[in-house]
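The values are calculated or read from the model by the stated rules, or taken from the named source; none is laboratory data. Just so you know, these numbers come straight off a predicted model, no measurement behind them. Methodologically, a virtual Cβ is constructed for each residue, glycine included, from the backbone with ideal geometry; neighbour enumeration extends over all protein chains shown.
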Amino acid sequence: MIRTETDIAECRKLWDIFSPRQHAWDDWDLIFAFHDEDKHRPNFLVHENSDGAPDGLVPLVHDTRQERFMLMGGSYPDGRVLWLRYEDFPEFFEQFPEPTVLFDLKQSWVGGLLQLCPQFEANFSEQDLRYNVVPSEIEFDFYKHIDMFPSEKKKKFLYDLRKIRRREPALHWSNENQADLFIELVNRNFGAESDYANEDDANEVRRVIDELERSGRLKTLTIEVDGARQAVSMSLLHGNNMIALYAASNNDYNNLGKLLNVECIQEACRLRVDEISFMTGMKWKADWRMKSEPCRTMRKPPRTEASQPE
């Protein structure tokens, strides 16, 4: 049977029981930082065996602002898996309220599920790509990777970097919280269209970076040009993996964003991490020939052509 747990303290206990503690997104404190206590209501679905012991968990929350149910942590974390046995998924699916959306689940996990339960194929029709760089595969030097670009692309890429470096940018690595700088730069570039023009979304960034600073997992790069900070990247170091969570640069400075991302990759190489993840979306990641792996989003009911975009 499946029961619903809404008490946040009990939800924390259930999380601790089922979390494999392998990936950053398995960490309660980080996921809780994405959780807006004013708008997200816990709605954890717990599968229990015949003895009443919990043996599967889908940590749903009700997003009262967008009127949907989603995994705790929302749409930002990617490559997640559900903590349940494949054979129990149909029972969970029956209990998912409508609408439920589970963003960017790991393709290998979804593939295994659909082999056993092909009837849910339409519910997993949306796909995105998660991009990453494996430093050991490029000899811990991103310029080795650039060497593999087609000749003209490599020439243009290196020219762009030389051009921005002529402005003598000053790079500063630290563990400092620069959430407000990131929000300021994004809002400056995109105005009312910015993802962070909404104070709720801006506060989510602040909570996440506060948690990374508190837990000692924050890696920050700021770049000064003309005596002012014009770019920032804030990454998560978890175990021997790095996730480039938030990055922004002043669009008035051509190629500054390119320099920012190159330097983040070079830092990951210096730290000899196993992987630096650049998460999902954005064409430039494919243009840089990063590695990629699919993620699949589940919806109940499935999205149709008439459905509105996120």
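Observations on the model:
- Residue count for the stretch 160-199, restricted to those that are among the hydrophobic types (A, V, I, L, M, F, W, C) and in contact with an Asp or Glu (Cβ under 8 Å, 6 or more places away or on another chain): 5
- Odd one out for L161, checked against (1) in contact with a Leu (Cβ under 9 Å, 6 or more places away or on another chain); (2) outside the structural domain of N254 (by TED's automatic domain parsing): (2)
- Looking only at the stretch 180-220, residues that are free of Cβ contacts under 8 Å to residues at least 60 places away in the same chain, on the phi < 0 side of the Ramachandran plot and small (G, A, S) come to 4 in all.
- Scanning the stretch 219-248 for residues that are small (G, A, S) and either touching a Lys or Arg at 6+ places or on another chain (Cβ under 9 Å) or more than 19 Å from K283 (Cβ to Cβ) (or both) turns up G227, A228, A231, S233, S235, G239, A248.
- A single entry from Y86, Y76 fulfils the requirement of being outside the structural domain of S235 (by TED's automatic domain parsing) and at pLDDT below 95: Y76.
- Members of the stretch 42-53 found to be surrounded by fewer than 16 Cβ atoms within 10 Å (Cβ to Cβ), at negative phi and not hydroxyl-bearing (S, T, Y), listed by number: E48, N49, D51, A53
Per-residue answers, yes or no, for (1) in contact with a helix residue (DSSP H, G or I) (Cβ under 9 Å, 6 or more places away or on another chain); (2) β-branched (V, I, T); (3) outside the structural domain of E48 (by TED's automatic domain parsing); (4) closer than 30 Å to E48 by Cβ:
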{"site": "P97", "(1), (2), (3), (4)": "no, no, no, yes"}
{"site": "V101", "(1), (2), (3), (4)": "no, yes, no, yes"}
{"site": "D104", "(1), (2), (3), (4)": "no, no, no, yes"}
{"site": "M148", "(1), (2), (3), (4)": "yes, no, yes, no"}
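- Candidates F142, F103 - the one that is in contact with a Leu (Cβ under 8 Å, 6 or more places away or on another chain) and surrounded by 14 or more Cβ atoms within 10 Å (Cβ to Cβ): F103
- V205 fulfils the conditions (1) under 27 Å from R166 (Cβ atoms); (2) within 16 Å of the chain's Cα centre (by Cα) except for a single criterion, (1).
- Being in contact (Cβ under 8 Å) with a residue 40 or more places away in the chain, in the same structural domain as V205 (by TED's automatic domain parsing), of a type outside the set (G, A, S) and not in a strand (DSSP E or B) is a property that L171 lacks.
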